[in-house]
1. Starting from residues that are open to solvent by less than 40 Å² (accessible area, probe 1.4 Å) and part of a loop (DSSP other than H, G, I, E, B), keep the ones in the stretch 94-119 and report whichever is nearest to Arg6 (Cα to Cα).
2. Restricting the search to the stretch 116-166, which residues are farther than 14 Å from Ile37 by Cα and of a type in the set (A, V, I, L, M, F, W, C)?
3. Mind listing whichever residues of the stretch 156-190 are outside any strand (DSSP E or B), within 14 Å of the chain's Cα centre (by Cα) and among the hydrophobic types (A, V, I, L, M, F, W, C)?
4. Which one of the conditions (1) free of Cβ contacts under 8 Å to residues at least 40 places away in the same chain; (2) open to solvent by 50 Å² or more (accessible area, probe 1.4 Å); (3) not in a strand (DSSP E or B) does Pro122 fail to meet, given that it meets all the rest?
5. Residue by residue through the stretch 130-142, note down the ones that are open to solvent by 40 Å² or more (accessible area, probe 1.4 Å) and either in a strand (DSSP E or B) or of a type outside the set (Ser, Thr, Tyr) (or both).
6. Part of a loop (DSSP other than H, G, I, E, B), under 16 Å from Pro66 (Cβ atoms), in contact with a strand residue (DSSP E or B) (Cβ under 8 Å, 6 or more places away or on another chain) and at pLDDT 95 or above: does that describe Ile91?
7. Could you list, in sequence order, all residues of the stretch 61-83 that are under 23 Å from Gly176 (Cβ atoms) and of a type in the set (Val, Ile, Thr)?
8. Which numbered condition in (1) modelled with pLDDT under 95; (2) surrounded by 14 or more Cβ atoms within 10 Å (Cβ to Cβ); (3) small (Gly, Ala, Ser) is the only one that Ala80 fails?
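The values are calculated or read from the model by the stated rules, or taken from the named source; none is laboratory data. Nothing here was measured: the structure is a model prediction, and the numbers come from that model. No Cβ is skipped: glycine too gets one built from the backbone with ideal geometry, and neighbour counts run over all protein chains shown. With ligands, DNA and RNA removed, areas are computed over all heavy atoms of the protein, side chains included. Shrake-Rupley method; radii C 1.70, N 1.55, O 1.52, S 1.80 Å.
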Amino acid sequence: MTWIERISAALNSDISFSVEDERGLGLIEHRAAAVLIPITNRPEPGVILTQRPGWLRSHAGQVAFPGGKIDEDDTGPISAALREAHEELSIPPDDVTILGVADTYYSGSGYRIEPVIGVIPPDLPLIPNPDEVEDWFEVPLSFLLDPANAVKKCAEWNGRQRAYYDMQWGERRIWGVTAGIVANLARRLA
């Protein structure tokens with residue numbers, strides 16, 4: 001089975017498992033958001049991630065998937081994820097083959113995030129929007145899906161103890177929501 005077939009089958013199955021997210025942080029209402037998990041179509045696929053600018057008001061300097069709020073003009077999470085990926089990295093929506101939508105992630109910052117899995121051509125010319133993206137990089141999919149690379153940690157946030165995942169890939173720290181979405185996907189594929 002190819003990696004594309006394996007992911008498609010896992011996304012379309014009725015597997016039930018414990019979803020890691022931040023619902024227990026006391027928020028009542030979450031705003032709808034979507035991210036694109038762009039997987040490069042290579043023999044050894046990678047995942048494109050962004051580094052947010054350090055001057056942003058929220059999540060400054062963090063590693064993230066391209067994505068954001070679902071707007072009124074979006075027809076759903078897939079169109080929102082494709083729009084955001086185009087705005088942030090100039091990924092043409094027509095160049096993305098959608099495999100499906102992974103498990104919803106509820107963030108402590110108040111978002112209900114729908115992770116959209118898409119395959120993009122290898123070596124697609126990506127142009128970061130400097131208002132939203134400081135840099136982008138590609139991480140091997142095998143690294144992200146290996147549970148040994150995700151360390152579960154705890155920290156105090158807003159007066160409460162909070163658990164989160166932390167992954168170190170070279171000089172890049174992948175943690176929080178992004179690592180939580182990855183952990184959920186890894187569990188679904190296991």
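1. Going residue by residue through the stretch 94-119, those that are open to solvent by less than 40 Å² (accessible area, probe 1.4 Å) are 96, 99-100, 102-105, 107-108, 110, 113-119.
Next, only the ones that are part of a loop (DSSP other than H, G, I, E, B) stay: 96, 102-104, 107-108, 110.
On the way: Val96: 18, Ala102: 13, Asp103: 16, Thr104: 19, Ser107: 27, Gly108: 30, Gly110: 31 Å.
Restricting to residues being open to solvent by less than 40 Å² (accessible area, probe 1.4 Å) and part of a loop (DSSP other than H, G, I, E, B), the top hit is Ala102.
2. Leu124, Leu126, Ile127, Val133, Phe143, Ala148, Ala150, Val151, Cys154, Ala155, Trp157, Ala163
3. Val177, Ala179, Ile181, Val182, Ala183, Leu185, Ala186
4. (1)
5. If the condition is that a residue be open to solvent by 40 Å² or more (accessible area, probe 1.4 Å) and either in a strand (DSSP E or B) or of a type outside the set (Ser, Thr, Tyr) (or both), then Pro130, Asp131, Glu132, Glu134, Asp135, Trp136, Glu138, Pro140 are the ones that fit.
6. yes
7. Passing the criteria: Val63, Ile70.
8. (1)
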